[in-house]
């Protein structure tokens, strides 16, 4: 009996030893401890909201062009002066015509008043009274037309001096002194250097991450400029399948036309590529449940690259010993 008991204990000890030896030793870490939050980027360019060609609004000879390419001019600065002789003469003529009509209207009013008095005395017929009233009405109509011509003449005269509508950089002198400019002839090309935006082309799947990002940067010539999101254009480019994002500089802007990249940090936890393994043609990670290895697929994961996951960051995953694991293996967690 004693021998039988010793034999049973020996068999149980051997079974336990074999079972412990069959377990695979692994180390685990919470996703929060190993996850990365990689920076992402997309091509971007600084654009001016006003890249304008300033044209003549009257037909006249160019007298002055007091600007040169590369100059920065303030709003209201003179860009060009046109010969205004014809328009000043037209303005004077319109004013003289207006003064003449004023005198005629005063005379017509006095004649009408006298005619009214004579009509009451039956000294003149009512037909003459009607004529006097008609004459005054015609003169008043002519006066309003003449007033419009005076205003138009003043407006044309003001257009002899061409000014900048905003603080701008001179890009091109499209005309020259002595050249005759017709209405619509380009005089100078300017670019607004204050109303700037950044245009970036991003994958549609990245647009949500950009909207959620707490820190956005425009990088150009190894310099990063903090920017803020203005809008994600609610349309997809039919050719590139990208979406355009518009952003604004927070502090000092980069130069207009600067080409660089938009940078943002992905807020999704990414599992490093070295912890991903392929099982049943799916990439994923192993976690431990009651000392049993469980394989969890990570959708859209790519071999050797950190991949975003929707798993809770408190979940432990196997970080050592995972390459030989199979789903359902018994394991011992060393740490």
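Only the coordinates and a few stated rules stand behind these numbers; no lab work does. Small disclaimer: the values here were computed from a predicted structure and weren't measured. FYI the Cβ positions are ideal-geometry reconstructions off the backbone, even for glycines, and counts take in every protein chain you see.
On full extension of the chain, what length is gained from residue 302 through residue 158, given 0.36 nm per residue of separation minus the C-alpha to C-alpha distance? Please list the in-between numbers first.
Details: separation 144, 0.36 × 144 = 51.84 nm, distance 6.67 nm.
Taking residue 302 through residue 158 to full extension adds about 45.2 nm, to one decimal.
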Working note, the chain: Cα radius of gyration (Å, one decimal) and Dmax (Å, whole number) are 42.5, 163
Output for the stretch 182-288 (equivalent-ellipsoid semi-axes, sqrt of 5λ from the C-alpha gyration tensor, Å, descending) is 40, 17, 12
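How would you rank 323, 286, going from fewest to most other Cβ atoms within 10 Å of each one's own Cβ? Numbers along the way, then the final one.
Working: 323 9, 286 26.
Sorted ascending by nearby Cβ count, the order is 323, 286.
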For the residue 223, residue 180 Cβ pair and Förster radius 45 Å, calculated FRET efficiency rounded to 0.05 is 0.45
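Want the number for residue 27 to residue 103: 0.36 nm per residue separation, take away the alpha-carbon distance, what's left? Provide the component values of the computation, followed by the final result.
Numbers: separation 76, 0.36 × 76 = 27.36 nm, distance 10.64 nm.
16.7 nm is the gain from fully extending residue 27 to residue 103.
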Quick calc: nm separation of the 7 Å Cα→Cβ label points for residue 312 and residue 332 -> 2.9 nm
Cα-based Debye curve of the stretch 85-158 sampled at q = 0.18, 0.22, 0.27 Å⁻¹ gives log₁₀ I(q)/I(0) of -0.70, -0.86, -1.08
With Cα coordinates, the longest principal axis of the chain makes an angle with the long axis of helix 126-158, in degrees rounded to 10, of 50 degrees
Answer check: the stretch 136-206, Cα atoms, Kirkwood Rh, Rg/Rh ratio of 1.30
Measuring from the longest principal axis of the C-alpha atoms of the chain, the long axis of helix 85-120 (C-alpha) lies at a number of degrees, nearest 10, equal to 60 degrees
The helix 2-22 Cα axis meets the longest alpha-carbon principal axis of the chain at an angle in degrees, between 0 and 90 and rounded to 10, of 30 degrees
Output row, site residue 86, 7 Å Cα→C-beta label point, backbone N cut-off 19 Å, window the stretch 135-156, residues 149-156
